[in-house]
1. Can you name the number of the only condition in (1) on the phi < 0 side of the Ramachandran plot; (2) surrounded by fewer than 15 Cβ atoms within 10 Å (Cβ to Cβ) that residue 17 fails?
2. Name the residue that is farthest from residue 50 (Cα to Cα), counting only residues in segment 21-34 that are in contact with a helix residue (DSSP H, G or I) (Cβ under 8 Å, 6 or more places away or on another chain) and surrounded by 15 or more Cβ atoms within 10 Å (Cβ to Cβ).
3. Do the conditions hold for residue 38, that is, is it loosely packed, with under 14 Cβ neighbours inside 10 Å, modelled with pLDDT under 90 and in contact with a helix residue (DSSP H, G or I) (Cβ under 9 Å, 6 or more places away or on another chain)?
4. Going through segment 31-56 one residue at a time, which ones are over 16 Å from residue 1 (Cβ atoms) and in contact with a strand residue (DSSP E or B) (Cβ under 8 Å, 6 or more places away or on another chain)?
5. Taking the residues in segment 45-56 that are assigned to a loop (DSSP other than H, G, I, E, B) and under 14 Å from residue 27 (Cα atoms) as candidates, determine which candidate is modelled with the highest pLDDT.
6. Quick one: how many residues across segment 41-59 are surrounded by 12 or more Cβ atoms within 10 Å (Cβ to Cβ) and under 13 Å from the mean Cα position of the chain (by Cα)?
7. Taking segment 2-13, which residues are surrounded by 11 or more Cβ atoms within 10 Å (Cβ to Cβ) and either free of Cβ contacts under 8 Å to residues at least 24 places away in the same chain or in a loop (DSSP other than H, G, I, E, B) (or both)?
8. So how many residues does segment 57-74 have that are in contact with a strand residue (DSSP E or B) (Cβ under 7 Å, 6 or more places away or on another chain), within 25 Å of residue 9 (Cβ to Cβ) and assigned to a helix (DSSP H, G or I)?
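The values are calculated or read from the model by the stated rules, or taken from the named source; none is laboratory data. Given the structure is predicted, the values throughout are model-derived calculations rather than measurements. Here the Cβ is made from the backbone with ideal geometry for all residues, glycine too, and neighbour counts use every protein chain on show.
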């Protein structure tokens, strides 16, 4: 698994996440990430909010329930052997 480092807005520290899967829906990139490589780790879905041409991605946690449910179904299809619970 690839590991990424994110820097929360207004903070000097970074937070590491392991990228389990990524997908693009309607031109928007999403990442399924975990904090550890453990099989029972909590998973989060991040959405890239950066504009075309920006040098760095701007990821935010998906918090909208409808969007979270729709994207988690896509990730569940991509990862047939993984059980994703909301």
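1. The number of the failed condition is (2).
2. 21
3. no
4. Residues of segment 31-56 that are over 16 Å from residue 1 (Cβ atoms), as a first pass: 47-56.
Scanning segment 31-56 gives 47, 48, 49.
5. Step one: filter segment 45-56 for residues assigned to a loop (DSSP other than H, G, I, E, B), giving 49-56.
So of that shortlist, the ones also under 14 Å from residue 27 (Cα atoms) come out as 49-53.
On the way: 49: 93, 50: 90, 51: 84, 52: 80, 53: 80.
Filtering segment 45-56 for residues that are assigned to a loop (DSSP other than H, G, I, E, B) and under 14 Å from residue 27 (Cα atoms), the one modelled with the highest pLDDT comes out as 49.
6. Initial filter on segment 41-59 (surrounded by 12 or more Cβ atoms within 10 Å (Cβ to Cβ)): 41, 43-50, 57-59.
Remaining after also requiring under 13 Å from the mean Cα position of the chain (by Cα): 43-49, 57-59.
The qualifying residues number 10.
7. 7, the sole residue that qualifies.
8. Looking only at that region, the number is 3.
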